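Have a look at the structure below, then the notes.
The values are calculated or read from the model by the stated rules, or taken from the named source; none is laboratory data. Note that the coordinates shown come from a computational prediction; the quantities given were computed from them, not determined experimentally. Here the Cβ is made from the backbone with ideal geometry for all residues, glycine too, and neighbour counts use every protein chain on show. Accessible surface areas use protein heavy atoms only, side chains included; no ligands, DNA or RNA. Shrake-Rupley method; radii C 1.70, N 1.55, O 1.52, S 1.80 Å.
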Amino acid sequence: MPKVAVVGVVGRTNAGKSTLVNALVGEKVSIVSPVEQTTRNTIRGIVSDPRGQIVLLDTPGLHKAVGDLGRLMNRMARRSAAGTDVTCVVFDASDEPRLEDIGWMQRVAKEKPEKVLFVLNKADKAPFYEMMFRDAWVEAQNTVAENSDKEDKTPPCEPVWVKSISTTEGGANRVLDALFDFALEGELLFDEDTVTDYPRRLAIADCIREKFLARIHQEIPHELGVLVKSIDEKTSGGKEVWNIKVDVLVNRSSQKPIVIGRGAQTIKFVRKGAERDVSEMFGVKASIEVWVRVEPGWMKNPRILSDMGYMGDLV
Ligand SMILES: Nc1nc2c(ncn2[C@@H]2O[C@H](COP(=O)(O)OP(=O)(O)OP(=O)(O)O)[C@@H](O)[C@H]2O)c(=O)[nH]1
Ligand SMILES: [Mg+2]
């Protein structure tokens with residue numbers, strides 16, 4: 001009988017959750033960038049190996065919520081941690097523990113989930129604050145104990161600690177071993193060849209947003225939304241061709257020239273990069289047409305947020 005576990009991957013923004021999920025899956029299922037708040041949806045990454053199957057829920061990193069989109073993302077992250085077999089909290093241990101890291105620790109100390117993995121990520125970097133994170137955990141438990149009902153007799157939660165270098169091949173193997181140690185015998189939840197069930201229009205929109213994040217280094221990426229309007233599938237010369245129409249939404253008209261770039265350089269960079277990624281991800285030839293639209297307040301518009309998949313069943 002194979003071993004199976006559903007794992008909620010949580011932690012503060014930029015800790016490396018999506019990088020870790022991609023490393024474990026062995027394929028890119030979730031976009032990554034050095035900019036905070038990269039992931040906006042819960043994305044399932046599926047790892048199948050001879051031992052069984054691990055289903056990973058990559059979530060948006062908790063952050064100080066600004067506006068409706070921010071609040072939705074935080075809620076999605078909190079909800080995704082619930083209802084899973086294993087809680088995997090990712091910490092960027094190349095940086096001192098921050099408020100959001102301590103927040104996750106206190107949550108774990110309070111709710112005492114049965115199976116918890118603490119991943120000290122970015123172990124390739126120096127300095128590495130392992131002791132500070134371990135001390136912060138002890139402190140978080142004390143804080144929760146002081147503020148909780150004295151009758152609580154549940155034994156304390158004992159997380160398993162693992163280091164990871166999620167950016168290198170094999171650097172996350174110990175995380176996978178630890179997850180399989182937690183897994184229980186059961187039926188596979190997905191076909192063995194499936195790496196994600198994330199809808200393709202959302203995956204394509206994310207690819208495009210990733211390219212903007214790599215190119216625009218101001219606050220604009222946070223106010224930028226991508227909507228895939230249509231995917232027209234044709235066969236040409238025996239190869240599948242996808243003509244994809246995309247709207248890029250910005251909040252203010254002053255943001256439009258920045259998103260387009262001088263001589264449309266930014267749009268060209270984004271289009272080419274996304275066409276390459278989408279072609280590789282889906283084994284097709286992708287051609288992407290991008291329109292930049294000013295849509296004030298789109299981040300508060302329920303219809304648009306739902307079109308972008310940000311108001312799914314997890315919310
Ligand atoms: N050096 C190093 N960098 C890493 C490692 N893991 C992730 N990173 C980098 O950390 C940055 C953030 O990674 P993401 O995977 O996008 O972080 P995230 O936790 O998913 O962030 P959100 O989606 O915003 O919540 C990227 O620039 C990654 O390349 C690691 O093990 N070592
Ligand atoms: Mg992410």
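Look at the stretch 149-175: where a residue is within 18 Å of Phe133 (Cβ to Cβ) and a partner is of a type in the set (A, V, I, L, M, F, W, C) and at pLDDT below 95, sitting 6+ places away or on another chain with Cβ atoms under 8 Å, you get Pro156/Ala109; Cys157/Val108; Cys157/Ala109; Pro159/Val108. Selection of the stretch 17-27 for residues being aliphatic (A, V, I, L, M) and open to solvent by 10 Å² or more (accessible area, probe 1.4 Å) yields Ala23, Leu24, Val25. Set side by side, the residues Arg44, Arg71, Arg40 differ, and just one is out of contact with any Gly (no Cβ under 7 Å at 6 or more places or on another chain), within 22 Å of His222 (Cβ to Cβ) and open to solvent by 40 Å² or more (accessible area, probe 1.4 Å), which is Arg71. Within the stretch 96-119, if we keep just the residues that are aliphatic (A, V, I, L, M) and farther than 21 Å from Arg44 by Cβ, the residue that is most open to solvent (accessible area, probe 1.4 Å) turns out to be Leu99. Of everything in the stretch 158-214, what is among the hydrophobic types (A, V, I, L, M, F, W, C), closer than 30 Å to Lys229 by Cβ and part of a loop (DSSP other than H, G, I, E, B)? Give them in sequence order. Once the filter is applied, which keeps residues that are among the hydrophobic types (A, V, I, L, M, F, W, C), closer than 30 Å to Lys229 by Cβ and part of a loop (DSSP other than H, G, I, E, B), the stretch 158-214 yields Phe190, Val195.
Filtered by the rule that a residue be of a type outside the set (S, T, N, Q), outside any helix (DSSP H, G or I) and closer than 20 Å to Val86 by Cα, the stretch 129-157 gives Pro155, Pro156, Cys157.
Looking at Pro50, Pro34, just one residue is closer than 20 Å to Asn121 by Cα and not assigned by TED's automatic domain parsing to the domain that holds Glu219, and that residue is Pro34. The conditions of being among the basic types (Lys, Arg), open to solvent by 40 Å² or more (accessible area, probe 1.4 Å), under 21 Å from Thr38 (Cβ atoms) and out of contact with any helix residue (DSSP H, G or I) (no Cβ under 8 Å at 6 or more places or on another chain) are not met by Lys229.
Residues in the stretch 80-95: is at least one within 15 Å of ligand 2 (Cβ to nearest atom) and open to solvent by 30 Å² or more (accessible area, probe 1.4 Å)? No, the stretch 80-95 contains no residue that is within 15 Å of ligand 2 (Cβ to nearest atom) and open to solvent by 30 Å² or more (accessible area, probe 1.4 Å).
Among the residues of the stretch 5-16, just one is under 20 Å from Lys211 (Cβ atoms) and either crowded, with 24+ Cβ neighbours inside 10 Å or of a type in the set (Gly, Ala, Ser) (or both), namely Gly16. The conditions of being of a type in the set (Val, Ile, Thr) and touching a Gly at 6+ places or on another chain (Cβ under 8 Å) are met by Ile267. Screening Phe269 with (1) open to solvent by 50 Å² or more (accessible area, probe 1.4 Å); (2) assigned to a helix (DSSP H, G or I); (3) touching a strand residue (DSSP E or B) at 6+ places or on another chain (Cβ under 7 Å) gives one miss only, at (3).
Consider Ser30 against the criteria (1) open to solvent by 10 Å² or more (accessible area, probe 1.4 Å); (2) in contact with a Ser or Thr (Cβ under 8 Å, 6 or more places away or on another chain); (3) not charged (D, E, K, R): it satisfies all of them except one. Which criterion is unmet? Unmet condition: (1).
Considered as a group, the residues in the stretch 2-28 that are among the aliphatic types (A, V, I, L, M) and away from ligand 2 (no atom under 11 Å from the Cβ) include one that is farthest from Leu120 (Cα to Cα), and that residue is Val4.
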